[in-house]
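Report on one structure; see the data block that follows.
Computed from the coordinates by the stated procedures, all read-outs in this text should not be read as laboratory data. Everything numeric in this text was worked out from a predicted model, so none of it was measured. Here the Cβ is made from the backbone with ideal geometry for all residues, glycine too, and neighbour counts use every protein chain on show.
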Amino acid sequence: MAFLSRVFRSAPRDPDAARHAAEQASRDQEWQSCLENDRIPSFVQRRLADTKSGKLPWVSTTSVGGLLAQRTHGIKPIGLVSGNCWYQYGFSWTRGHYDGWHKAIDRLWREAVALGANAVVDVTMKVQRMADTSGQMDYGVLGTAVSIAGLRESRDPVVATVSALEFARLMEAGIVPVGLAIGAHYQWYYPNQNILGQNMSGLGMGMGGGMAMMGGWNQELTSLSEFLTDVRRTAVGQLQSDAARIGTGVLARVEYSEIEPGEAGEGVPPRYLARHIAFGTAVLHDPRHHVPMRLRSVFSAKDGKMTPQVDLTQEVI
């Protein structure tokens, strides 16, 4: 202990500690104000301006092969953009999930606007739930802002989960990515109640409060199958409704499901919280529009005949 005391006594004090603390407090206050008023803090604006001008190097989520392929399509990475929202659930987990994702996406979009990007591509979406029972989640989105040769700086850049190269190929085919669509549904499942009018006799409570089969034979738990199917269908229906605001279809769809035990105790029956989340890139597509494809004859070594093949290299708008 005497040694530690000597070390701490001999450690130099930061003469600017008070100034640094004041700067951090001012920064935190500006963050809070900007989050409440949907604005970008001044220090983030400076970073984005330096990235846009080339003073800072650009950062991209694109692979090396993808970056090389993008150059042939006139696509240039500008920089990395991101958005986060730490959300406290209230009356509705389903509504909270929808709001949390869209707040994070909107903040990513605002950074893309500041960069003058035409699109944000290769967007990844991650969610982290608090380990306790406080009902809080952190929603995060990350993507690469890009510019497209021949297009002016956009005040409304498109946000998409597809890669930059896929984005360009879709545009060539007359399919226009227009944004992200999200669907989510949370619902409680009570295994000891016949909530769906199904036979619940095969479902019991196992060790540690988990769901287990009673009897030792193989059989489908029909009520649970119907319950989870309903949760998934509801989430996908919300995805379709969200996409209908801006597009005519959804692609690059990602989905995942979870079911986990909820709190149980005296007077509180065992229950499980099920959720299904789906998101993807909304697109505008006119099915009447067809991209011409030319047929060319190739020699087949299999039968020695000339066989017509579709020449995908001849695609034109």
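Computed quantities for the displayed model
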read-out: Separation of the Ala25 and Asp286 label points, Cα + 7 Å toward Cβ, nm; value: 6.1
read-out: Extended-chain gain in nm, criterion 0.36 nm per residue less alpha-carbon gap, Ala244 and Trp217; value: 5.2 nm
read-out: Under-5 Å amide H pairs with Ser154, H placed in peptide plane, nonlocal only; value: Ala117, Asn118
read-out: Estimated translational D of region 27-173 in µm²/s (Stokes, Kirkwood radius over Cα pairs; 37 °C; 0.692 mPa s); value: 202
read-out: Burial ranking of peptide ranges 55-68, 159-172 (average Cβ count within 10 Å, highest at the top); value: 159-172, 55-68
read-out: Whole-Å distance, taken between Cα centres, linking region 222-237 and region 40-85; value: 40
read-out: Other-chain or far-sequence residues with amide H under 5 Å of Val178's (modelled H); value: Ala282, Val283, Leu284
